[in-house]
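Notes follow the structure.
Readers should treat all values here as calculations from the given coordinates under stated rules, not as data from a laboratory. Note that the coordinates shown come from a computational prediction; the quantities given were computed from them, not determined experimentally. Neighbour counts are summed over all protein chains in view; Cβ atoms, including those assigned to glycine, are modelled from backbone coordinates with ideal geometry.
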Amino acid sequence: MPTPNDELERLRQLHELQILDTPREPAFDRLTALAAELLDVPIALISLVDAERQWFKSAVGLDARQTSRDVSLCNHTVASRRPLLIEDTHTDPRFAGNPLVTAAPYIRFYAGIPLMPDGHHVLGTLCVIDRRPRQLSASQLRQLEALAGQVEELLKLHHHRLLFDHESLRSQKRAARYEAIVRGAAAGIVRIDSQGRILEINDFALRLLGYQRDELLGANVSRLMPMRWAVDHDQYLRNYHTSGEAHIIGKGRRVEALHRDGHAIPVHLAVSRVQYDDASEDCDFIGILSDLSEVQTANHLLERQQQLLGVLHRGLTDYQALMSGNRLWSFLKQALRELTRSDYALIGEVLAVDDQPALKIHAITDLSWDDASRQLMEQFKEGRMLLSNPNSLLGRVFADGQTVLRNDMQAHSPHSAFPPGHPPLSNFLGVPILDQGQVIGMFAIANGAQPYSTELVEWLEPFISTCALLIKLYRQLNERESFTEQLRQARDQAENASRAKSEFLSSMSHELRTPLNAILGFAQLLQSSQKHPLGERQQRQVEQIYKSGQHLLTLINEVLDLARIEAGQINLSIERIHLGDVLEDACTTLMPIARQYGITLQPPQGAHFACWLQADYTRLKQVLINLITNAIKYNRPQGNVQLDCQRLAGCVRVSVRDTGIGIPADRLDQLFQPFNRLGAESGSIEGTGVGLALTRKILELMDGRIGVRSEEGVGSEFWFELPHGEAPAAGSGEVARGRGETPAEPTGESDAPALRVLYIEDNPANQRLLQELFEDLDGFALQCAHSAELGLELACSQPPQLILLDINLPGMDGYQAMRQLAQNPLTHAIPVIGLSASAMPDDLRKAEAAGFSAYLTKPLDIPRLLELLDQFTRQERA
Ligand code: ADP
């Protein structure tokens, strides 16, 4: 069986044509009939050669629809791709034995024209057959070929129809799919024409907007918008057509759609323009609506959640400010109203009154309606009103600890439940605030925008816990405040009492000193009278009067000092002090007494005493004299007193050790109590019992402290600590040793007589500083005095040309000395420069008023002093 070269491709083409085994078609039949008639043959066929068979699309004169391919004559035409003409099969060896020749249909003549609908592949033939030998004229062959051409056209048409059917099926499917998408979309889809008329709307949009389809088709889309947008919509569409200006087309936006029943629905709307034909301006618009109701609800929930968090955060982090300004309650009330969107809110604390719970309202929304209710509100707001009825709406909450929730207030509480004029309450929620199962407060809200629910109460749980926490804090702070207030009152009372005592002591001491001066004065006169000398017995008696008077004077002076310290009336001049100086000074003063008692007092020796501290010179000397005097007084015969010092971090510790009677351990705590002599009052040692109390006060005023170690029968060690002072820079002169009061040698070689300067100063370190300074100056002679009294004496006996006067001096102070200088004709013209450690504006004003020529503060500004000296020299010499 011959096979064409392109067999595979040919068969593929044939099968693609999908014509095999299709029913007969008149168009094909007409052509076979025409062929049979034109060529006058009994059989005409349109044969399509399949892989194993030839199948007849049309057959005239033959009943069979197909025959096997291996006996097919057409197969030869197909294989040769050319027309095949067999005038007599019996004479052609290729076909003489063919069963179609030897048996029915007894083919003797065959003419077949190949069918090539695509111009390349031969799919079959148009053939004519006769049962007798024949010849075909050239014109008959052309006719047959023309008919075959028509068959090819029919086959092409069949192919095109097939393609078309296929395509239309696909587009049907596409349309169905589109339809399904539009219908089933989980978004609203609306198609409108250029005039805004609704052409199509899907089920989702209908459901969302509450319409039936036929209500909307053809209607203007503006019907689906809230009025404020609907009125402009047509104009907007017109603008878009003319100017292309788009607000929403091509973009997505959050808008509101209007439901059929009139409520607005939040939606996201994306509109796109659909143009079906490039040439035409005509277009539709498709809008896709997504329902944002849930998103909006979620957003609202989030907002409320954030609001709640905000309240909790503020309540917990800012509680101090809330408490201190007493804004806690109004803050909680306001937070409640905002969190629950309620018109009214109240919050209060539950107190126990006569063992019964009572509500103290701390903050309440004003719902007054007349004067009487306004007054009531004021009382509530100020917390003056307590509610105690356990059967009221609020009572159920604060007394029973119940949560009361009513969304139908009108039904539950007839009008008579509220006084006439009371604003109507639609809903109500009262919640107890618990702490460990106990009701400590409550809040109530009314007229909420939404009905109240148990979910709301659950949602408010963190708020309620925060309220409980804040109320507890509020109570604790209040308790603490009232406790502090009690303490303050007690302290004030104590202070007043102490002040009164100080004032009393002070005035009493003054009153006592005047007659005492007379007693002492006259006792001395009696003792030393030459004219009327006293007898021995009288001498002893006057001696006794004098001694007792002296004792009384010491006592009065100490009491006065203590009273002044307690009343804060003491001025200190804290400056740098050389410890060695002050110890030496104190020892020199006490040496005679030590000798009198037979006690060895060792003056300070060794480099470790050469240290500096910050203190008031005179007061420090007073402290040392008190301690050393005690160490001498309470010593044993031939005992000794040792001084020591030690540098500690930031301070210097000075100790006075004796070998005396010691102090019983159980009395040590009474040691610094004024007038407490620990039993010494019954012995022979004189004393007042004020010295140590005074010592401690003075040390404390100088930022120091005092302590004691003692062993009965062995001795005591009193120590005190004072802040460490900066050592002066080497070479400044202050480190040099030696006390002043001696006139300095006039310095300089100048012929002019030296100008005499008197320096009244108790601190030897300061004296030395100026001595050093003046040594370097030409034309000055410096003289130092360590007290105002001595200074005044020197000023009168050898009037200087200039006085440098320290303000804080032992005994008479600088101001008193200044007054005396001004009043004395011998000294009133001498210029005086004031020196003091105090540089407060008040001190400066006071110095100016006192009449000082100039006022310098310590530590001394040396250049400024030199400048003043220079000015003074020029004035003197002028
Ligand atoms: P007084 O004027 O009595 O000495 P003080 O206030 O100085 O008053 O001292 C109070 C009391 O402390 C003294 O009366 C004495 O009993 C006791 N006391 C003070 N210093 C010493 C000491 N160094 N040794 C033993 N007892 C002392």
How much FRET efficiency would the formula 1/(1 + (r/R0)^6) give for L162 and D284, where r is the Cβ-Cβ distance and R0 is 30 Å, rounded to 0.05? 0.35
Reachable lysines from K633, criterion Cα separation under 28 angstrom, eight or more residues apart if same chain: K547, K621, K697
Can you tell which of L157, Q235, G252 lies farthest toward the positive end of the dipole of region 124-262, using +1 and -1 charges on the Cβ of basic and acidic side chains (Lys, Arg; Asp, Glu)? L157
Give me M227, M442, M1, M702 ranked fewest to most by other Cβ atoms within 10 Å of their Cβ, as a rough exposure proxy. M227, M1, M702, M442
By per-residue mean of other Cβ atoms within 10 Å, what is the highest-first order of 400-409, 797-806? 797-806, 400-409
The lysines whose Cα lies under 26 Å from the Cα of K173, excluding any fewer than 8 residues away in the same chain, are K156
If I take R0 = 51 Å and measure r between the Cβ atoms of L678 and R314 in this structure, what FRET efficiency does the formula 1/(1 + (r/R0)^6) give, to the nearest 0.05? 0.25
Quickly work out the L34-to-Q550 label distance, labels modelled 7 Å from Cα along the C-beta direction, and quote it in nm with one decimal. 17.1 nm
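Are there any GluC sites (Glu not before Pro) in region 30-137 that are in a DSSP loop and have at most 12 other Cβ atoms within 10 Å? List them by number. Walk me through the intermediate numbers first.
Details: sites: E37, E52, E87; in loops: E52, E87.
Sparse-neighbourhood loop GluC sites (Glu not before Pro): E52.
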What does the convex hull of the Cα atoms of the chain come to per residue, in Å³, rounded to a whole number? 528 Å³
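Using Cβ counts within 10 Å as a stand-in for footprinting exposure, how do L552, L821 rank, fewest first? Don't skip to the end; give the middle numbers.
Values: L552 17, L821 23.
Ranking L552, L821 by Cβ neighbours within 10 Å, fewest first, gives L552, L821.
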Long pairs among K333/K472; K381/K472; K501/K858, criterion Cα-Cα beyond 24 Å: K501/K858
Where the centroid of each part is defined by its Cα atoms, how far is region 444-510 from region 514-570 in Å? 57 Å
In range of the label at D234: residues from region 176-209 whose backbone nitrogen is under 20 Å from the point 7 Å along Cα→Cβ: 191-200
Based solely on its DSSP helices, what 222 nm [θ] is calculated for the chain when runs of n ≥ 4 H residues each add -39,500 (n - 2.57) and the sum is averaged over all residues, nearest 500 deg cm²/dmol? -14500 deg cm²/dmol
q = 0.13, 0.19 Å⁻¹, region 192-301: log10 I(q)/I(0) [Debye, one scatterer per Cα]: -0.50, -1.04
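Specify whether the C-alpha gyration tensor of region 518-645 places it in the rounded, prolate or oblate class, a ≥ b ≥ c being the square roots of the eigenvalues: rounded for a/c under 1.5, otherwise prolate if a/b is larger than b/c and oblate if not.
On the way: a/c = 2.79, a/b = 1.60, b/c = 1.74.
Judged from the Cα gyration tensor, region 518-645 comes out oblate (a/c at least 1.5, b/c at or above a/b).
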By the scheme Lys and Arg +1, Asp and Glu -1, what is the net charge of all other residues having a beta-carbon under 14 Å from that of T454? -2
Please report the net charge: other residues with Cβ closer than 13 Å to the Cβ of A497, K and R +1, D and E -1. -1
Those aspartates and glutamates that a straight Cα-Cα span of less than 15 Å connects to K57, excepting residues fewer than 8 apart in one chain: D21, E25, D29, E152, E153
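For L869, what is the net charge nearby, where nearby means another residue's Cβ is under 14 Å from its Cβ and Lys, Arg count +1, Asp, Glu -1?
-3
Using Cβ counts within 10 Å as a stand-in for footprinting exposure, how do S573, S388, S243 rank, fewest first?
On the way: S573 23, S388 15, S243 8.
The fewest-first ordering by Cβ neighbours comes to S243, S388, S573.
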